[in-house]
Amino acid sequence: MAPVNESNGLDNFTFALDGHFCDLPEKKDGQESDTSAEEHRDKLVYCVTDVPPWYLCIILGIQHCFTAFGGLIAIPLILSQGLCLQHDGLTQSQLLSTIFFVSGICTLLQVTFGIRLPILQGGTFTLLAPSMAMLSMPEWTCPAWTQNASLVNTSSTEFIEVWQSRMRAVQGSIMVGSIFQVVVGFSGLIGVFMRFIGPLTIAPTISLIGLSLFDSAGIKAGNHWGISAMTTSLIILFSQYLRHIALPFPTYSKDKKLHMSRLYVFQILPVLLGITVSWLVCYILTVYDALPSNPEQYGFLARTDLQGDILERAPWFRFPYPGQWGVPTVSLAGVVGILAGVISSMIESVGDYHACARLSGAPPPPKHAINRGIGIEGLGCLLAGAWGTGNGTTSYSENVGALGVTKVGSRMVIVASGVLMVLMGVFGKAGAFFTTIPSPVIGGMFMVMFGVISAAGVANLQYADMNSSRNIFIFGFAMFSGLVIPNWIIKNPNAIATGVVELDQMLQVLLTTSMFVGGIFGFILDNTIPGTKRERGIVAWNKAHEEDSSNTLESGEVYGLPWGLGSLMASSPWLRYVPFCPPFVPSSSDGSDTAALEPRGQPPGSSEQPQTVSTVAL
């Protein structure tokens, strides 16, 4: 076990349990201290390869599920508008159960065979935007009668065909688009893409995901601005003002037995707490009839009993299966739109891998692990399309951040999260329970979430020189075009008439997808307007990706495949040419690996015991 350094004032762990502590590497003589390393010089309770006690795995696994709930719940509820399901709570609950189930499966695949880091998989907004653009096409416009609750018979064959035909079209597009991601990942082409894509492409692409969804947030929040403002205020209060306040929490350890530890609950679960409190207030107002009972009155949609029979009608157990909504159909326009989202998702995931490695006490991910991770994410999107979530899967940045809060970087915690999400997907009442959240509460959550997504995109500009008039022009033009062009096309749907129906549909989807329009302008201008790599931000952007820690003992322990598969592949010379396989490691005469297994930073033959893992700041 690595020696424990003296306290540096940053040892207030979320769970103060006796575990495996990992330290950052000590500063060498003559080496300048790195600011980022100084800020992160706090010890990990458990490193990525450690296995915490089972009860801690369950507790932290539940926490990671809660952290992902914001996105997992939001995506099906937004998608239900395009699928004409606003008034079918039971089907919405089935979509929620399906996305929980598939996210759990994809998480287990990623942790076991993919990047092998403690990173959770879930639905992605990058695929939601092109899906909604596709469903906004004239041929997919919802019939007027599906928008009237009094006219909708959710069990009728006609209504079922209306929403399932739309779902099948989305499914097919996602499945075909995900094949591209599988090929890019397992072939190693992700490295080629990264050479041409920098901050000035990523910033408008990600920012426009949040900005393009402002209408959904406004519609739901406008159902009762008081409730939505309360939800937004609570989330801001918890996440920004109270995040450094620790509350007492009972914990157990062998030495101290049952005792109280401090938990930064507001920092970990601000969205969940904000939704829960507002949801409870709506329930109380509903019980005492403080909210109007007339559907025509303002504030009616803030009631919690609008879908009260959903919990009773939902089955206790329901096993989602591939093709549950019918055989998927393929649309060229949908596939092209989904491809734009897939590319954005891949690039974002590469950044998440490096951040996750840093926070979980692992060396930077080698190229073969990144290729494998992207390939598994593509496979996850393929499964999500087959099961019918109406979305794909990607790595969740929110859960990466939670690793830094809990100081527990063990991948077994994420394995527990994956198992819990699978169980929630099978437990039908769980999905039905979340559909009872009033729409103003969801709208208040959207106000924060979509704003954060937009700001996260802008944050990528920190790598570029924004004192450069070149960069200001590219970013400004890409952002403004990504708002103007889709808005005009939506208002003038018949403006595109090339005479080829398939081409018209493809252009309709692409030009109404804000993230594609802004991203493609940013990409073209950034790669054609003269500018140095440092000015463009490419040098800083690629700094973390240039490190290759394949030939270290720590890298083999973290990123090697399980059950001896990694050793089998590493011992086969011909597998060195397979991009997602570990590099070929020749064996010494005594059968043991030599320099390839020497820990970095120590001369061969050193008797000093190496630290278990080391964290490298980006």
Q: Taking only region 251-272 into account, find how many residues are open to solvent by 50 Å² or more (accessible area, probe 1.4 Å) and either in a strand (DSSP E or B) or at pLDDT 75 or above (or both).
A: 5
Q.
If I filter region 434-475 down to residues being among the aromatic types (Phe, Trp, Tyr) and farther than 30 Å from Tyr298 by Cβ, which single residue comes out as least open to solvent (accessible area, probe 1.4 Å)?
A. Phe475
Q. What's the number of the condition Val111 fails, among (1) β-branched (Val, Ile, Thr); (2) open to solvent by 60 Å² or more (accessible area, probe 1.4 Å); (3) within 18 Å of the chain's Cα centre (by Cα)?
A. (2)
Q) Counting only residues that are modelled with pLDDT of 85 or more and open to solvent by less than 30 Å² (accessible area, probe 1.4 Å), which one in region 480-513 is farthest from Gly198 (Cα to Cα)? A) Ile489
Q: Check whether at least one residue in region 114-128 is open to solvent by 10 Å² or more (accessible area, probe 1.4 Å), part of a helix (DSSP H, G or I) and over 30 Å from Thr157 (Cβ atoms), and report yes or no.
A: yes
**Q.** Residue list for region 131-169, filter: open to solvent by less than 40 Å² (accessible area, probe 1.4 Å), closer than 16 Å to Asp88 by Cα and assigned to a helix (DSSP H, G or I)
**A.** Thr146, Phe159, Val162, Trp163, Gln164, Ser165, Arg166, Met167
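Yes or no, residue by residue, for (1) modelled with pLDDT under 80; (2) open to solvent by 10 Å² or more (accessible area, probe 1.4 Å):
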site	(1), (2)
Ala2	yes, no
Ala16	yes, yes
Asp50	no, yes
Ile59	yes, yes
Cys65	no, no
Leu77	no, yes
Gln81	no, yes
Leu96	no, no
Q | Selected residue (only one of Gly222, Gly188, Gly226 is surrounded by fewer than 23 Cβ atoms within 10 Å (Cβ to Cβ) and closer than 30 Å to Leu382 by Cβ) | A | Gly188
Q.
Can you confirm whether Thr286 is in a helix (DSSP H, G or I), free of Cβ contacts under 8 Å to residues at least 24 places away in the same chain, polar (S, T, N, Q) and open to solvent by less than 70 Å² (accessible area, probe 1.4 Å)?
A. yes
Q | Test result for Ser349, at pLDDT 80 or above, touching a strand residue (DSSP E or B) at 6+ places or on another chain (Cβ under 6 Å) and under 30 Å from Val500 (Cβ atoms) | A | no
Q) Residue check: is Ser173 over 20 Å from Phe446 (Cα atoms), open to solvent by less than 20 Å² (accessible area, probe 1.4 Å) and in a strand (DSSP E or B)? A) no
Q. Of all residues in region 288-336, which are aromatic (Phe, Trp, Tyr) and in contact with a Ser or Thr (Cβ under 8 Å, 6 or more places away or on another chain)?
A. Phe300
Q. Tyr298 is checked against (1) open to solvent by 50 Å² or more (accessible area, probe 1.4 Å); (2) more than 30 Å from Glu348 (Cα to Cα); (3) without any contact (Cβ under 8 Å) to a residue 40 or more places away in the chain and fails just one. What number does that condition carry?
A. (3)
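The values are calculated or read from the model by the stated rules, or taken from the named source; none is laboratory data. Remember, predicted model here, so these are calculated numbers, not experimental data. Please note: Cβ atoms are built from the backbone with ideal geometry, for glycine as well, and neighbour counts cover all protein chains shown. Only protein heavy atoms, including side chains, enter the accessible area calculation; ligands, DNA and RNA are left aside. Shrake-Rupley method; radii C 1.70, N 1.55, O 1.52, S 1.80 Å.
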